[in-house]
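To start, the structure under review is shown below, and the notes come after it.
The values are calculated or read from the model by the stated rules, or taken from the named source; none is laboratory data. Just so it is clear, the model here is predicted, and its values are computed rather than measured. Using ideal geometry, Cβ is built from the backbone for each residue, glycine included, and neighbour counts are taken over all protein chains shown. Each accessible area value is taken on the protein alone, full model and side chains, heavy atoms only, with ligands, DNA and RNA left out. Shrake-Rupley method; radii C 1.70, N 1.55, O 1.52, S 1.80 Å.
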Amino acid sequence: MLKLLLIVMSLAVLQTAVAKDLRTVTEPKIPAACTSLTGTGKEETSVIQKALSSCAKGKAVRLASGTFISGPLTIPSGVGLWVDSEATLKASTNPKDYDTGKNLCGALDDTGLNCNPFIIIKDAKGSGIYGKGTIDGQGGHIMTGKNESWWQLAQDALVKDNHQNCPRLIEIVDSEDITLYQITLKDAPKFHVGSATTNGFTAWGVTITAPGTARNTDGIDPIDSRNITIAHCHISTGDDNVAIKAIVKPVSHISILNNVFGTGHGMSIGGGAYSGVTDMTVTSLILDGTTNGLRIKSDKSRGGLVNGVSYTNVCMRNVQNPILLDTHYTTDPGNLTPVYKNISFNNITVLTPGKFTFDGISEAYPVEVTLNNVHIKKGSTWVVSNAKIKGKYSEDASGTHC
Ligand SMILES: *[C@@H]1O[C@H](CO)[C@@H](O)[C@H](O)[C@H]1NC(C)=O
Ligand SMILES: *[C@@H]1O[C@H](CO)[C@@H](O)[C@H](O)[C@H]1NC(C)=O
Ligand SMILES: *[C@@H]1O[C@H](CO)[C@@H](O)[C@H](O)[C@H]1NC(C)=O
Ligand SMILES: *[C@@H]1O[C@H](CO)[C@@H](O)[C@H](O)[C@H]1NC(C)=O
């Protein structure tokens, strides 16, 4: 009896010790509907926007069934958008709908900043997107009035070494306590979800899918944000599955719990840690077929301090770079030193051979890492330069599935 009690108690302690998000985060609930709409398969931007704008705080506009096509939508403070299991909300393929005024959305330029996002949540508190339905960014569809898709435009940008103007699917800006729950997001023209300078953001049970070849279709990018929980999500994309970025504000208190990543560029911090990333945990993650696994990417042009990141109970398969701590992400000049310290890897299993890189910027600023229970496959390569590594790994990983 006592033994059982002790086990239960230690499990409870473990549960609370796991989270770094300072909020107490539990499974979200879908708010009650303020109104219910049925999709006609036609363009319905103003119908949906009117419903959102007149919805009472604490309630949600329910898209009950059918297909809705829409241009940009704003979710007001305190209001939810509920896409129910029978409903699909499709982003318009017309670049003019998203244009910020220069007629460059859907074209290339040297900024890539000329489209508004499909869904924006700005200066809001307690807003969210809920339900078992789908929001489809239609990134692979030919743009209205153009000869190619958003994703083909992104490829053109790569070839021509400039930037594509494509809308993000969901953008959260200067907000507080924002929730994404259960929703399926697919085929974003650019990032699926970005949060900027937001305190309190939860993505729970969210599915994100885009082809591995769809450029810059990041899954979830918390930027300059604090108190973040990403839990029970399935994310397969053509770029970072999750990327934490600290550009103008420090990022802290991040919990990435119980997720599964398919194709994509992995669980990333960066590019860029200018303002610092601290207090972050990645616990119970499966990476299956990502190019990178656990990655921190920065360099002298965008360096900063990354301190206090732990990766626990991670299993990987078919990942080229299972661990990649990189301080030479680009060769851009600068004098911002990337410093990675207090980074721990606990109970990590990698079932297929890969390259493990611990690359510090200089002898004075080594990457400081602790390894605990790290099992890798024979035939892997281990590249260490300017790094202090405590603990050992063993080449004894076995099994074929995570
Ligand atoms: C994070 O959330 C906690 C708990 O709600 C709050 O006290 C704290 O101010 C938040 N942190 C930041 C940096 O906003
Ligand atoms: C579409 O037109 C642009 C500009 O004329 C061109 O660069 C691009 O390759 C074309 N794309 C396709 C898929 O034909
Ligand atoms: C290491 O990181 C943890 C947070 O993950 C923090 O509590 C601790 O103070 C850090 N240790 C040092 C020496 O910075
Ligand atoms: C180690 O991680 C695996 C997932 O990769 C998990 O199934 C297992 O329970 C973990 N072991 C411990 C002792 O936490």
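Where the centre of each part is set by its Cα atoms, how far does the stretch 388-402 sit from the stretch 66-132, in angstrom?
43
Within the stretch 305-334, list the residues whose amide N lies under 20 Å from a label point set 7 Å along Cα→Cβ of TRP382.
311-327
For the stretch 221-339, what size does the Cα cloud have along each of its three principal axes, sorted from largest down, in whole Å?
On the principal axes, the stretch 221-339 reaches 36, 29, 21 Å in Cα extent.
Give the relative contact order (percent, whole number) for the chain; include only Cα pairs under 8 Å separated by 6+ residues.
It comes to 9 percent, rounded to a whole number.
Two-decimal Rg/Rh of the chain from alpha-carbon positions, Kirkwood Rh?
Here the Rg-to-Rh quotient is 0.98.
Please give the calculated 222 nm ellipticity per residue for the chain, where each DSSP H segment of at least 4 residues contributes -39500 (n - 2.57) and the sum is spread over every residue; nearest 500 deg cm²/dmol?
Roughly -3000 deg cm²/dmol at 222 nm, from the helical runs in the chain.
Determine, at each q value in 0.13, 0.20 (inverse angstroms), the log₁₀ of I(q)/I(0) that the Debye formula gives when each Cα of the stretch 123-234 is one equal point scatterer.
-0.51, -1.02
Using a simple charge model, +1 on the beta-carbon of Lys and Arg, -1 on the beta-carbon of Asp and Glu, nothing else, what dipole does the chain show about its Cα centre, in debye to the nearest 20?
Dipole of the chain, to the nearest 20 debye: 700 debye.
Would you please name the GluC sites (Glu not before Pro) within the stretch 299-402 that are DSSP coil residues with at most 11 other C-beta atoms within 10 Å of their C-beta?
Here the sparse-neighbourhood loop sites are GLU363.
Please compute the contact order of the stretch 170-232 in relative form: average sequence separation of alpha-carbon pairs under 8 Å and at least six residues apart, divided by the residue count, as a percent.
Averaging sequence separation for qualifying contacts and normalising by length gives 39 percent for the stretch 170-232.
Working only with C-alpha atoms, what are the Rg and Dmax values of the stretch 276-402, expressed in angstrom?
14.1, 45
Using a cut-off of 10 Å between beta-carbons, work out the net charge of the residues near SER36 (Lys and Arg +1, Asp and Glu -1, SER36 not included).
Taking every other residue near SER36 into account, the sum is 0.
Tally Lys/Arg at +1 and Asp/Glu at -1 over every other residue whose Cβ is under 11 Å from the Cβ of SER344; what's the total?
Its environment carries a net charge of +1.
At a 1.4 Å probe, what is the % contribution of carbon and sulfur to the accessible area of the chain?
52
What net charge is computed for the residues neighbouring ASP326, neighbours being all others with C-beta under 13 Å from the C-beta of ASP326, Lys and Arg scored +1, Asp and Glu -1?
On the way: positive: ARG295, LYS297, LYS300, ARG302, LYS355; negative: ASP299, ASP359.
It works out to a net charge of +3.
With just the Cα atoms defining each centre, how far is the stretch 332-361 from the stretch 243-267? Give it in Å.
15
In Å², what does the accessible area per residue of the chain work out to with a 1.4 Å probe?
Values: 16820 Å² over 402 residues.
Accessible area per residue: 42 Å².
Between SER85 and ASN342, 0.36 nm times their residue separation minus their Cα-Cα distance comes to what?
88.2 nm
Bin width 5 Å, origin at 0, all Cα-Cα pairs of the stretch 22-239: what percent of pairs per bin?
Percent of Cα pairs in each bin: 1, 8, 16, 21, 21, 16, 11, 5, 1, 0.
Go through the cysteines of the chain and tell me which have no other cysteine Cβ under 4.7 Å away.
Within the chain, the cysteines lacking a partner Cβ under 4.7 Å are CYS166, CYS233.
Find me the longest stretch of the chain that has none of the exposed trypsin sites (Lys or Arg not before Pro), where exposed means in a DSSP loop (not H, G, I, E or B) with at most 12 other Cβ atoms within 10 Å. Spell out each step's value before the answer.
Numbers: sites that count: LYS29, LYS42, LYS102, LYS378, LYS392.
Here the longest segment lacking exposed loop sites spans 103-377.
Is any helix in the chain, taking whole DSSP H runs, at least 20 angstrom long along its axis by alpha carbon and on average at least -0.5 on the Kyte-Doolittle scale, and which ones?
For the chain, where a helix must reach 20 Å along its axis and average at least -0.5, the hits are 2-18.
Give the relative contact order (percent, whole number) for the stretch 168-289; include only Cα pairs under 8 Å separated by 6+ residues.
About 21 percent, as a whole number.
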